[in-house]
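Single-structure report; data block below.
The values are calculated or read from the model by the stated rules, or taken from the named source; none is laboratory data. Since we're looking at a predicted model, the values are computed, not measured. For neighbour counting, all protein chains shown are included, and Cβ atoms are generated from backbone atoms with ideal geometry for every residue, glycine included.
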């Protein structure tokens, strides 16, 4: 039972990938039947900090090339915008600027758009918002719901709007959810990272609970695997584990994996994400990882650089995967994996 959306998000903090790396990963997505690419690099200023400002022409041309390549390869390009750092929700001029930015990106072929509220402060930014929403239990939730609804209603796209709420992890209730969910358009799909921001395991009952907390809204798993932006010296090179196959039978639209700061080394983990997404019931992490090493091991080893000389590497791949589970440095990873790459 294949998930409807299967993809990769460039959603980490730190230096964004180069244009060439993005093109390479889009080809990788097509090769592994990943059908979604989400453009959301946190430190691309025009995505987040400078969301009001149009892209300079060279940047816009590069986005257009990404869109074109996605289209040629059968991958859906999604452009995400994250205005929550300083947005005045009730100012019509703010809405007009956001629409202008979306239309600029649409001009180079993009047709899918997402709205991200993650990782911002619970703070309103103008007196008008205070007057409208300041009395709510959680004013940001009260403000973001109608703004999200307007985005869903007025920004044309072929599928439902995907929104990342501020409360994107865990399963409990709270002030934000109580203010955000009642007014939210039922068609909106919500990102969810699982029971934790970085979830070692995700179970069907946790998905069901989060869906209930959000009044039945369909979820999209933003899987913070193999992302490593909190410590880019530690790489997550092993296979995906701990994802309940029964998630595919829940109210889950798909899985979008947040990749590492290191583009090429991400391929080993992402290849296993692709295998899980295509058939969660049949997924075997070691079999999947063996294929990933066959297909991408050489380029990953080249990207990792010189192996550590003081590492005793088990000759059993399953034992190596246990060591890789919580992350290793690049030299240690190279030492552990080189014997399995012909």
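Out of curiosity, is residue 116 out of contact with any helix residue (DSSP H, G or I) (no Cβ under 8 Å at 6 or more places or on another chain) and on the phi < 0 side of the Ramachandran plot? Answer is yes for this residue. Each residue in the stretch 153-176 was checked for being part of a helix (DSSP H, G or I) and surrounded by fewer than 20 Cβ atoms within 10 Å (Cβ to Cβ), and 3 pass. Counting only residues that are more than 24 Å from the chain's Cα centre (by Cα), surrounded by fewer than 21 Cβ atoms within 10 Å (Cβ to Cβ) and touching a residue at least 24 places away in the same chain (Cβ under 8 Å), the stretch 132-149 holds 4 of them.
Residues are listed down the side, and each one gets a yes or a no for (1) touching a helix residue (DSSP H, G or I) at 6+ places or on another chain (Cβ under 9 Å); (2) more than 27 Å from residue 184 (Cβ to Cβ):
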| site | (1), (2) |
| --- | --- |
| 216 | no, no |
| 219 | yes, no |
| 231 | no, yes |
| 235 | yes, yes |
| 241 | yes, yes |
| 245 | yes, yes |
| 249 | yes, no |
| 252 | yes, no |
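The criterion of being under 22 Å from residue 161 (Cβ atoms), touching a residue at least 24 places away in the same chain (Cβ under 8 Å) and surrounded by 14 or more Cβ atoms within 10 Å (Cβ to Cβ) holds for residue 40.
If you go through the stretch 105-130 and keep only what is in contact (Cβ under 8 Å) with a residue 40 or more places away in the chain, surrounded by fewer than 16 Cβ atoms within 10 Å (Cβ to Cβ) and assigned to a helix (DSSP H, G or I), you end up with just 128. Within the stretch 294-328, the set of residues being surrounded by fewer than 16 Cβ atoms within 10 Å (Cβ to Cβ) and under 18 Å from residue 225 (Cβ atoms) comprises 322, 325, 326.
Residues in the stretch 168-199 that are in contact (Cβ under 8 Å) with a residue 40 or more places away in the chain and at positive phi: 170 only. Restricting to the stretch 265-293, what's the tally of residues that are touching a strand residue (DSSP E or B) at 6+ places or on another chain (Cβ under 9 Å), crowded, with 19+ Cβ neighbours inside 10 Å and in a helix (DSSP H, G or I)? So the count comes out to 7. Whether any residue in the stretch 196-214 is part of a loop (DSSP other than H, G, I, E, B) and over 20 Å from the mean Cα position of the chain (by Cα) is what I want to check. Scanning the stretch 196-214 turns up no residue that is part of a loop (DSSP other than H, G, I, E, B) and over 20 Å from the mean Cα position of the chain (by Cα).
Scanning the stretch 80-97 for residues that are under 21 Å from the mean Cα position of the chain (by Cα) and not in a loop (DSSP other than H, G, I, E, B) yields 80, 81. Among the residues examined, residue 12 does not qualify as touching a helix residue (DSSP H, G or I) at 6+ places or on another chain (Cβ under 8 Å), surrounded by 14 or more Cβ atoms within 10 Å (Cβ to Cβ), touching a residue at least 60 places away in the same chain (Cβ under 8 Å) and farther than 17 Å from residue 112 by Cβ. With the structure loaded, tell me whether residue 307 is part of a loop (DSSP other than H, G, I, E, B) and either free of Cβ contacts under 8 Å to residues at least 24 places away in the same chain or within 30 Å of residue 203 (Cα to Cα) (or both) or whether it fails that test. So residue 307 fails the test. Sub-7 Å Cβ pairs linking a first residue in the stretch 263-282 that is more than 24 Å from residue 298 (Cβ to Cβ) to a second residue that is part of a helix (DSSP H, G or I) and at pLDDT 95 or above, at least 6 apart or interchain, are 280/245; 280/247; 280/248; 281/245, ordered by first then second residue.
In the condition set (1) farther than 26 Å from residue 209 by Cβ; (2) surrounded by fewer than 17 Cβ atoms within 10 Å (Cβ to Cβ); (3) modelled with pLDDT of 95 or more, residue 251 is compliant with all but (1).
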